[in-house]
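The block underneath contains the structure these notes are about, expressed in structure tokens.
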Amino acid sequence: MFYREAGQFKVSYAADQAIFPIRQDQIGMAMILAVAYVVMPVAGSEYWLETIMIPFLVFSLAAIGLNILTGYAGQLSLGTGAFMACGAFAAYKLTTAFPDLNIIVALLLSGVAAAAVGIVFGLPSLRIKGFYLAVATLAAQFFLIWLFAKVPWFTNYSASGVISAPPRAVVGELYVTGVHATPQARYLFCLTLVAVLALLAKNMVRSSIGRQWMAIRDMDIAAEIIGIRPLRTKLSAFAISSFYCGVAGALWAFFYTGTVEPGAFDINRSFQILYMIIIGGLGSILGAFLGAGFIVLLPIVLSRLPLMLGLPISTATISHIEVMVFGTLIVFFLIVEPHGLARLWRIFKEKLRLWPFPY
Amino acid sequence: MAALDQAETPDADTREIGDVLLRVDRISLYFGGVRALNNISFEVREHEILAIIGPNGAGKSSMLNVINGFYHPQEGTITYRGKTRSRMRPYQAAAQGIARTFQNIALFKGMSTLDNIMTGRLLKMHQPFWMQALYWGPAQREEIEHRKFCEEIIDFLEIQHIRKTPVGRLPYGLQKRVELGRALAAQPTLLLLDEPMAGMNVEEKEDMCRFILDINEEFGTTIALIEHDMGVVMDISDRVVVLDYGRKLADGPPDSVRSDPAVVSAYLGVGHD
Ligand SMILES: Nc1ncnc2c1ncn2[C@@H]1O[C@H](COP(=O)(O)OP(=O)(O)OP(=O)(O)O)[C@@H](O)[C@H]1O
Ligand SMILES: [Mg+2]
């Protein structure tokens with residue numbers, strides 16, 4: 001069973017344009033879905049679902065969002081946390097103001113609210129680029145978080161400022177948020193939403209809109225000369241990216257922590273998501289998942305490894321090691337492989353296609 | 001009806017130079033103290049191949065940049081398809097059927113050959129983004145229909161083997177070809193080529209000449225090109241405009257321009273041929 005396309009002739013452009021043109025990849029994807037949908041909920045412990053799988057899914061979604069803006073459209077943003085916070089607070093306001101609103105609708109509308117904010121903060125991108133744009137998004141980051149913390153309307157005038165996400169069901173009594181929701185229900189809901197949104201993102205980046213983003217990223221002057229409207233294209237990237245980040249923020253608050261607080265979406269969160277797409281791969285949907293998985297799992301692996309090897313290392317040392325590993329990896333990927341793990345995976349597959357006869 | 005169609009289609013031998021497509025009228029362009037273009041007027045007629053020649057820094061590229069809205073001249077007007085235009089952006093020129101290539105290749109380096117050419121086709125693609133996100137029905141059909149068109153361009157330019165290669169990895173000559181493909185994908189009425197053969201070897205130049213002539217003959221595309229190789233210019237162009245220090249020295253058929261004393265002293269004399 002070699003990994004290659006021999007004998008699999010593409011008879012139509014439709015087949016050639018499929019997301020997984022090679023059969024082995026299709027089988028692989030089916031297996032991943034089977035594990036995610038069947039094995040995980042059945043065999044995964046509550047701990048595993050709640051502290052690893054759900055944050056992994058939420059991070060993946062946020063990383064897809066940032067990757068659309070930064071990896072595909074080339075607009076560097078440090079405001080990811082703020083756009084996530086927009087989604088989280090919008091979801092809170094929507095679910096409390098309209099208790100009968102279906103949770104799916106509430107989440108999507110939260111994404112739309114974040115998209116609107118994203119468009120406003122994307123406006124400077126017409127005039128400024130790169131580092132200066134990053135500074136402008138940094139302003140959005142600090143301003144929005146400050147706003148959510150200072151204006152009591154956002155927290156429905158709660159005294160403590162920390163509010164918990166209200167319980168909501170998808171249908172009937174099937175609760176997915178709040179205290180009644182089982183980890184399995186929350187996990188499966190997140191999984192489905194993230195899988196669908198990831199598929200839509202993949203479709204966009206392989207269509208005309210995705211090519212327009214990449215054209216702006218690669219050479220904005222040439223892009224305009226072939227008919228791309230720079231502002232509109234950049235704003236579409238800001239809007240769709242912020243939509244994804246907003247939904248991710250709402251999922252974070254409602255499905256992962258259960259509380260809505262601005263502190264969860266500070267500048268560190270923005271950097272964390274940025275690290276994910278750098279390590280996972282700029283301009284790759286798969287890379288968003290790889291980067292998120294890596295950053296969620298690394299601290300866990302690092303904290304378990306010394307125990308398993310019987311090495312007496314203090315937790316303080318471990319967290320230092322963690323920072324060092326991240327730093328090294330980010331420098332490595334930025335310098336050596338800007339397309340991250342996703343690219344390494346591609347190279348591996350290309351090699352595999354030729355293996356065992358490399359010539 | 002069929003006969004009429006035939007009569008109207010210019011085929012290889014009966015390519016007729018038609019009406020004025022583009023009129024450049026007393027254009028002047030300054031960069032601070034530098035006068036890149038000085039009171040330039042000329043016309044481009046339908047279906048013709050116009051060559052713009054002149055020494056380095058003569059203002060040739062600036063002229064193309066003015067035509068496609070990238071530079072805004074301080075004086076003069078441009079009339080395209082009978083409409084005198086005011087200040088416009090490059091994407092508006094693209095929407096009106098003006099496509100171009102650059103002196104220094106301006107491809108989308110991170111994208112494959114196919115994606116570059118598909119991007120050149122974007123003005124013909126109209127599905128809203130949410131249909132593209134669903135990649136379903138009309139959106140998928142549109143994608144496939146345009147893929148077919150782009151594959152025809154790929155066949156025409158003989159670049160099938162590099163279809164999926166990221167263009168950043170291609171050699172210079174092939175990049176020039178892909179850039180031409182991206183411009184062709186828009187099915188332009190007016191194609192502006194800035195030194196399409198610069199830096200190519202003889203064989204590559206011959207290929208490029210053949211492509212330019214074929215585009216002009218088969219699709220009736222009007223072409224304005226900048227070229228330094230006088231042999232090529234004399235061979236393929238219907239008319240030549242000579243610029244020097246931002247001024248127009250001569251304008252006419254290749255033979256008469258070649259023997260124009262002003263041109264000989266300004267340009268041909270300086271080491272060329
Ligand atoms: N963006 C710009 N800013 C300042 N000066 C410019 C700019 N573009 C062109 N120029 C100047 O205008 C003059 C004409 O330049 P242009 O590039 O049009 O020449 P060219 O005929 O294309 O030359 P070449 O054969 O070297 O390509 C030059 O003096 C150049 O320095
Ligand atoms: Mg030039």
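Computed from the coordinates by the stated procedures, all read-outs in this text should not be read as laboratory data. Keep in mind the model is a prediction, meaning the values are calculated, not measured. Here Cβ is always computed from backbone atoms with ideal geometry, including for glycine, and neighbour counts include all displayed protein chains.
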(request) Using R₀ = 41 Å, calculate the FRET efficiency as 1/(1 + (r/R₀)^6) where r is the Cβ-Cβ separation of A:Arg23 and A:Glu322; round to 0.05. (result) 0.55
(request) Would you be so kind as to identify which of A:Leu305, A:Ala223, A:Ala250 lies farthest towards the positive end of the dipole of chain A, taking Lys and Arg as +1 and Asp and Glu as -1 on Cβ and the Cα centre as origin? (result) A:Ala223
(request) Express in nm, to one decimal, how much length is gained between B:Arg210 and B:Lys124 on full extension, taking 0.36 nm for each residue of separation and deducting their alpha carbon distance. (result) 28.3 nm
(request) Work out the mean other chain Cβ neighbour count within 10 Å for the residues of A:198-210 and drop it here as an integer. (result) 6
(request) Would you mind counting up the charge near A:Tyr187? Only other residues with Cβ under 14 Å from its Cβ, with Lys and Arg at +1 and Asp and Glu at -1. (result) -1
(message) 5 Å is the cut-off here: which amide hydrogens, built 1.01 Å from N in the peptide plane, fall below it relative to B:Arg100, excluding neighbours closer than 5 in sequence?
(response) B:Leu192
(request) Return the long-range amide H neighbours of B:Leu243 (sequence gap of 5 or more, or a different chain), with a cut-off of under 5 Å between placed amide H atoms. (result) B:Ile53, B:Gly54, B:Leu249
(request) Determine the shielding of peptide B:115-121 by partner chains: average, over its residues, the number of Cβ atoms on other chains within 10 angstrom of each Cβ. (result) 5
(request) With r as the distance between the Cβ atoms of B:Val202 and B:Val264 and R0 = 35 Å, compute the FRET efficiency 1/(1 + (r/R0)^6) and round to 0.05. (result) 0.90
(request) For B:Phe156 paired with B:Trp136, estimate the spin-label separation in nm (one decimal), with each label point 7 Å from Cα along the Cα-to-Cβ line. (result) 3.5
(request) Determine ³J(HN,Hα), in whole Hz, for all residues of the stretch A:260-275 in sequence, where each value follows from phi through the Karplus function 6.51 cos²θ - 1.76 cosθ + 1.60 and θ = phi - 60°; x replaces Gly and Pro. (result) 10, 9, x, x, 6, 10, 7, 4, 4, 4, 4, 5, 4, 5, 4, 4
(request) Any aspartates and glutamates with Cα under 19 Å of the B:Lys205 Cα? List them, leaving off those in the same chain fewer than 8 positions away. (result) B:Asp155, B:Glu158, B:Glu179, B:Asp194, B:Glu195, B:Asp214, B:Glu217, B:Glu227, B:Asp229, B:Asp235, B:Asp238, B:Asp273
(request) Counting helices only, and only those DSSP H runs with n ≥ 4, report the 222 nm mean residue ellipticity of chain B as the sum of -39,500 (n - 2.57) divided by its residues, in deg cm²/dmol to the nearest 500. (result) -10500 deg cm²/dmol
(request) Give a residue-ordered list of calculated ³J(HN,Hα) values for the stretch B:88-96 (Karplus: 6.51 cos²θ - 1.76 cosθ + 1.60, θ = phi - 60°; whole Hz; x for Gly, Pro). (result) 9, 8, x, 5, 6, 4, 4, 5, 8
(request) Kindly provide the helix-only [θ] at 222 nm of chain A, computed as the sum of -39,500 (n - 2.57) over DSSP H runs of four or more divided by all residues, to the nearest 500 deg cm²/dmol? (result) -21000 deg cm²/dmol
(request) At 0.36 nm per residue, minus the direct Cα-Cα distance, what do A:His180 and A:Ala14 gain on full extension? Give it in nm, one decimal, please. (result) 55.2 nm
(request) Find which of B:Gly137, B:Leu174, B:Leu184 sits farthest along the positive direction of the dipole of the stretch B:107-186, computed with +1 on the beta-carbon of Lys and Arg, -1 on that of Asp and Glu, about the Cα centre. (result) B:Leu174
(request) Once you have the Cα-Cα distance between A:Leu302 and A:Ile347, take 0.36 nm times their residue separation minus that, and quote the gain in nm to one decimal. (result) 13.5 nm
(message) Less than 13 Å Cβ to Cβ from A:Gly87, Lys/Arg counted +1 and Asp/Glu -1: what total charge do the surrounding residues give?
(response) +2
(request) Apply the Kirkwood formula to the protein assembly as shown: the hydrodynamic radius equals the inverse of the mean of 1/r over all pairs of different alpha-carbon atoms; give it in Å with one decimal. (result) 27.5
(request) Specify which residue in the list A:Ile278, A:Met204, A:Thr155 is farthest towards the positive end of the charge dipole of the protein assembly as shown, using unit charges on the beta carbon of Lys, Arg (+1) and Asp, Glu (-1), about the Cα centre. (result) A:Thr155
(message) For the pair A:Tyr157/A:Ile32, report the inter-label distance in nm, with labels modelled 7 Å from Cα in the Cβ direction.
(response) 4.8
(request) Determine which lysines satisfy two conditions relative to A:Lys349: a Cα distance under 22 Å, and not lying fewer than 8 residues away in the same chain. (result) A:Lys10, A:Lys202, B:Lys164
(request) Before anything else, pin down the relative contact order of the stretch B:107-186: Cα pairs under 8 Å, at least 6 apart, normalised by residue count, whole percent. (result) 56
(message) Let's see if you can work this out: charge +1 on each Lys and Arg Cβ, -1 on each Asp and Glu Cβ, no other charges. What is the dipole magnitude of the stretch B:107-186 about its Cα centre, in debye to the nearest 20?
(response) 240
